Amino acid sequence: MHRRKALLPDLLKLMLADREAARGRAASVAGRQAYRISVSGVLAEMEEQPPVVPLLNGDDVMQLLDLDPGPNIGEALAVVAEAQAVGDVKNREEAAALLHRYAAAQGWQLAQRS
């Protein structure tokens with residue numbers, strides 16, 4: 001849900017349409033209403049949550065890992081964002097430690113700066 005948050009409202013509408021199509025004439029007004037109330041609750045919950053401030057930005061990642069610009073920066077930011085969303089990292093230090101472990105596990109060739 002975290003990674004596709006912007007798509008979630010449309011996805012929930014698609015799920016509702018799919019449910020109605022699959023149930024056909026067996027769909028009831030009460031069941032449809034209960035499902036819509038549940039979907040509305042999920043959407044309301046999403047709107048109430050304050051936006052998450054990223055722990056690191058691309059410049060931070062390049063500096064921490066001594067990486068040049070490229071796709072690894074976006075990948076690293078996604079790893080940190082996911083870990084932050086689920087509560088595995090709570091501050092910049094934990095995010096930096098996660099990035100170092102991740103870069104090592106991926107076997108990334110770090111830039112050699114003089």
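Read-outs throughout are calculated quantities, based only on the coordinates presented, and are distinct from any laboratory measurement. Values in this document were obtained by computation on a predicted structure and should not be read as measured data. For neighbour counting, all protein chains shown are included, and Cβ atoms are generated from backbone atoms with ideal geometry for every residue, glycine included.
Would you mind calculating the relative contact order of the chain from Cα pairs under 8 angstrom and at least 6 residues apart, reporting the percent as a whole number? Mind showing how you got there, number by number?
Values: 58 pairs, mean separation 27.4, N = 114.
The value is 24 percent.
Could you give the length gained on full extension between Met15 and Glu93, defined as 0.36 nm per residue of separation minus the Cα-Cα distance, in nm?
On the way: separation 78, 0.36 × 78 = 28.08 nm, distance 3.96 nm.
Here the answer is 24.1 nm.
Mind checking the alpha-carbon convex hull of the chain and giving the volume per residue in Å³?
Hull volume over Cα atoms, normalised by residue count, gives 131 Å³.
Please report the net charge: other residues with Cβ closer than 14 Å to the Cβ of Glu94, K and R +1, D and E -1.
Working: positive: Lys90, Arg92, Arg101; negative: Asp60, Glu82, Asp88, Glu93.
Within the 14 Å Cβ shell, the charges total -1.
Give, as a single signed number, the net charge of other residues whose beta carbon lies under 15 Å from the beta carbon of Gly31, with Lys and Arg counted +1 and Asp and Glu -1. List each step's numbers first, then the result.
Details: positive: Arg19, Arg23, Arg25, Arg32, Arg36; negative: Asp18, Glu20.
Summing Lys and Arg as +1 and Asp and Glu as -1 gives +3.
Name all residues of segment 85-100 having a backbone nitrogen under 12 Å from the label point set 7 Å from the Cα of Val53 along its Cα→Cβ direction, giving them as ranges.
Within reach of a label on Val53: 92.
Report the net charge of residues surrounding Ile73, where surrounding means a beta-carbon distance below 11 angstrom and charges are Lys +1, Arg +1, Asp -1, Glu -1.
-4
Using packing as a proxy for protection, rank 94-101, 9-16, 40-47 so that the peptide with the highest average count of other Cβ atoms within 10 Å comes first. Walk me through the numbers before you get to the answer.
Working: 94-101: 17.0, 9-16: 13.0, 40-47: 10.6.
Top to bottom by mean Cβ count within 10 Å: 94-101, 9-16, 40-47.
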